[in-house]
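Heads up, the thing below is written out as structure tokens.
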Amino acid sequence: MKQRWRSVRFSFIRLHLYNLFLTTCILLAIILSLFVIWDPEWLTAQSIFLFIGLYLIIGFILSLQAGFTQIGNLLKMRLDAISIQIKQFANGNYNSKISKIHEDVDETDRIIDELNDLGDKLQRQVQSLQRMADEKADYAKSAHKAAVIEERQRIARDLHDAVSQELFGLAMLSETALKLFDKNPATAREQMQEAVHSAHQAQAEMRALLLHLRPVYLTSGETLEEGVQKLIDALEQKSNLTFQVDIDEMPDLKEVVEEHLFRIIQESLSNILRHANANIVKIEIKRKQDELYVRIEDDGIGFESENQQGNKASYGLKTMKERSEELGGTFAIRSRQGQGTYIHIRIPNQGS
């Protein structure tokens, strides 16, 4: 009942009753002034109270009638329509419109017009967002197709530049060894040793390619240490590498940091398989104060860093450097011919 008394309709009734009270007080003051000053014969105390009483009764009835049937009812209908329209907007029905009750224009009609215009604008925005979503989906499909084509071209180049060349050399060495087998066994033996080396190199190239074509992923809820160990277990079955792994437990490490570090390690192992001719690989990830330290080392043949530009391994190094910088870290590599390769990464400590 209290909430109902605060409604628009009862607000109008209260306003009318307040105006009735004010006008009654004014009339009573005027009549009493006439009665006191001039004291006309027709103006008696009984007539004054009779007039004021009738005025109050009639005014009270008219206030109720105006509040319930005329102004209050009309305004309540408009406010109800506006409330329903707002709920329609909240539910996403922007095509909903409020019909005007009459042709006269007042404040509520202007609000109705503005709400109708707002619905049109929201509808246009929804259509615009839908078009943008469609365009984004098209762009994503195009980007995916381009990425697939680029990856296929890269794999084709790697197969041609590495595996295909190694197999071609292997075939040539084998044919030469067969021709020299009876005439010059020592030379034939050297040719066969080179053929074995080429076969191992082709094997390493294929393993590196398969590492990218069938990569190991960090599954949901899996830690970085578990993911790296799973990757190493898969490589140990297909290569002669010996791994030494030391990774601190970091349960609060952000998922994006884990993913980037995992990809960096995966890329570095791919380069080691292809180019290092290593026996031992060391992987270490430590949390020290406010930074993460990542160290990846191998005892392979190494390379001269200044001659690495243009080498096919440089693409992997560039990718690792970009991933490190995306995490706000630094990437450093040190290598010399015959002295292995050392990768050091420092990343600001980021919890989950």
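The values are calculated or read from the model by the stated rules, or taken from the named source; none is laboratory data. Please read these numbers as outputs of a predicted model, since none were measured by experiment. So basically every Cβ, Gly included, is an ideal-geometry build from the backbone, and we count neighbours across all protein chains shown. The protein model used for the area step is the full one, side chains on, heavy atoms only, and it has no ligands, DNA or RNA in it. Shrake-Rupley method; radii C 1.70, N 1.55, O 1.52, S 1.80 Å.
When restricted to residues that are crowded, with 21+ Cβ neighbours inside 10 Å and in a strand (DSSP E or B), region 268-282 contains 1. Here the condition is being at pLDDT below 75 and loosely packed, with under 13 Cβ neighbours inside 10 Å; of TRP5, TRP38, it holds for TRP5 alone. When region 42-57 is limited to residues that are within 15 Å of ALA29 (Cα to Cα) and of a type outside the set (A, V, I, L, M, F, W, C), the one that is surrounded by the most Cβ atoms within 10 Å (Cβ to Cβ) turns out to be TYR55. Selection of first residues in region 254-267 that are open to solvent by less than 20 Å² (accessible area, probe 1.4 Å) and of second residues that are at pLDDT below 85 and part of a loop (DSSP other than H, G, I, E, B), restricted to Cβ pairs under 8 Å at least 6 apart or on distinct chains, gives the following pairs, ordered by first then second residue: VAL257/GLN350; PHE262/LEU218; GLN266/PRO215; GLN266/VAL216.
For region 296-348, taking the residues that are part of a helix (DSSP H, G or I) and either in contact with a His (Cβ under 8 Å, 6 or more places away or on another chain) or among the aromatic types (Phe, Trp, Tyr) (or both), the one that is modelled with the lowest pLDDT is identified as ALA313.
Please find, among ALA137, ALA156, the residue that is open to solvent by less than 60 Å² (accessible area, probe 1.4 Å), modelled with pLDDT under 75 and in a helix (DSSP H, G or I).
One residue alone meets the criteria, ALA156.
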